[in-house]
1. Output the number of the condition that GLN104 fails; it satisfies all remaining conditions of (1) under 30 Å from ALA87 (Cα atoms); (2) in the same structural domain as ASP218 (by TED's automatic domain parsing).
2. Residues in segment 284-294: is at least one among the basic types (Lys, Arg) and touching a helix residue (DSSP H, G or I) at 6+ places or on another chain (Cβ under 9 Å)?
3. Which residue is surrounded by the most Cβ atoms within 10 Å (Cβ to Cβ), if the candidates are limited to segment 256-294 and must be outside any loop (DSSP other than H, G, I, E, B) and among the acidic types (Asp, Glu)?
4. Might you check whether a residue that is modelled with pLDDT of 95 or more and over 23 Å from the mean Cα position of the chain (by Cα) occurs anywhere in segment 209-226?
5. From GLY96, GLY64, which residue is within 30 Å of ARG32 (Cα to Cα), over 23 Å from the mean Cα position of the chain (by Cα) and assigned by TED's automatic domain parsing to the domain that holds ILE116?
6. Identify the residue in segment 157-171 that is in contact with a Lys or Arg (Cβ under 9 Å, 6 or more places away or on another chain) and of a type in the set (Gly, Ala, Ser) and, among all such residues, is nearest to HIS257 (Cα to Cα).
7. Among the candidates ASP218, ASP185, single out the residue that is within 18 Å of ASP124 (Cα to Cα) and surrounded by 16 or more Cβ atoms within 10 Å (Cβ to Cβ).
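The values are calculated or read from the model by the stated rules, or taken from the named source; none is laboratory data. Keep in mind that this is a model prediction, so the values were computed, not measured. Cβ atoms come from the backbone with ideal geometry, glycine included; neighbour counts cover every protein chain shown.
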Amino acid sequence: MPKHFLTILDIPRDEAHQVLARAKEMKDNAVRTDLLSGKVLLLIFDKASTRTRVSFEIGVRQLGGDPVFIASKDSQLGRSEPLKDTARVLSRYADGLIVRTFGQGNLETLVEYGDIPVVNALTDEYHPCQIMSDMLTMYERTPDLEKLKVAWVGDGNNMAHSFINGSATFGYELALACPEGYDPDPAIVDKAVSLGAKVTLTRDPAEAVAGAHYVNTDVWASMGQEAEQKKREAAFAGYMVDEALMAKGADNAKFMHCLPAHRGEEVSESVFESPASIVWDQAENRLHMQKAILEWIYK
């Protein structure tokens, strides 16, 4: 049976720590391998992308494989063919699927009807490759993740869901500050807590950030939510990560963002460009972590 990576919880806890250490080793030693030699991985994207596409294409090549990019608008994926049929066809052509799409159910259909590995490159529910890369970014500075407090300020979205799952796997304390009506999915929270996640939810960003070692946020309106921009701006008033909010965190607290960022909305220009900001390390670490994830799948 092929391995799949649809959420962080797909990697057993002990193996997740090994993947984290391996990603750091790959970064520190500029590792290139021939693990994927002779293999073709399809990148199927329903949503636009910069970091995800480029880091995966380069990562596959650095492991000796060949990436093929498919935009849904240029194929039957964007038309009338049932996804289950697409899964069966592509399984006969390629050695893996890296998929950036809307509903998590799309990935589950590809898994059910295909017989090659499927990697979640982002859905509306989860963004596990990004969060695993964020784990690497924190691990480089503070290897004992279980001693950390991580804050999330903003929408209870796919990033928040994956940070919640990350708490179950890596043991950090997670405090989320979300405005009313924008909480994370309770079922996702409940499942993660049942697996050991340490999660608290508040309406007060200052409470969430108090004593936090890492402060995270995301855009207020994600892809597909642009029509809600004005409504969300009103709901998220007071949720900007600015210097005053960062001052509530632990000494030398770091600011994180998955990018792209809307300066002046979810984060102030001064925080985004400050020495506390480690967003470029996060972006770089997509490459190294995704190589480690692919190695976990194919080795």
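1. Checking GLN104 against (1) under 30 Å from ALA87 (Cα atoms); (2) in the same structural domain as ASP218 (by TED's automatic domain parsing), the one that fails is (2).
2. yes
3. Across segment 256-294, the extreme among qualifying residues is ASP281.
4. yes
5. GLY64
6. The residue in question is SER167.
7. ASP218
Residue by residue, here is whether (1) out of contact with any Ser or Thr (no Cβ under 9 Å at 6 or more places or on another chain); (2) part of a helix (DSSP H, G or I); (3) closer than 22 Å to SER222 by Cβ; (4) among the hydroxyl-bearing types (Ser, Thr, Tyr) holds:
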{"position": "ALA87", "(1), (2), (3), (4)": "no, yes, no, no"}
{"position": "LEU90", "(1), (2), (3), (4)": "yes, yes, no, no"}
{"position": "ALA94", "(1), (2), (3), (4)": "yes, no, no, no"}
{"position": "GLY105", "(1), (2), (3), (4)": "no, yes, yes, no"}
{"position": "ASP115", "(1), (2), (3), (4)": "no, no, no, no"}
{"position": "ASN120", "(1), (2), (3), (4)": "no, no, yes, no"}
{"position": "GLU125", "(1), (2), (3), (4)": "no, no, yes, no"}
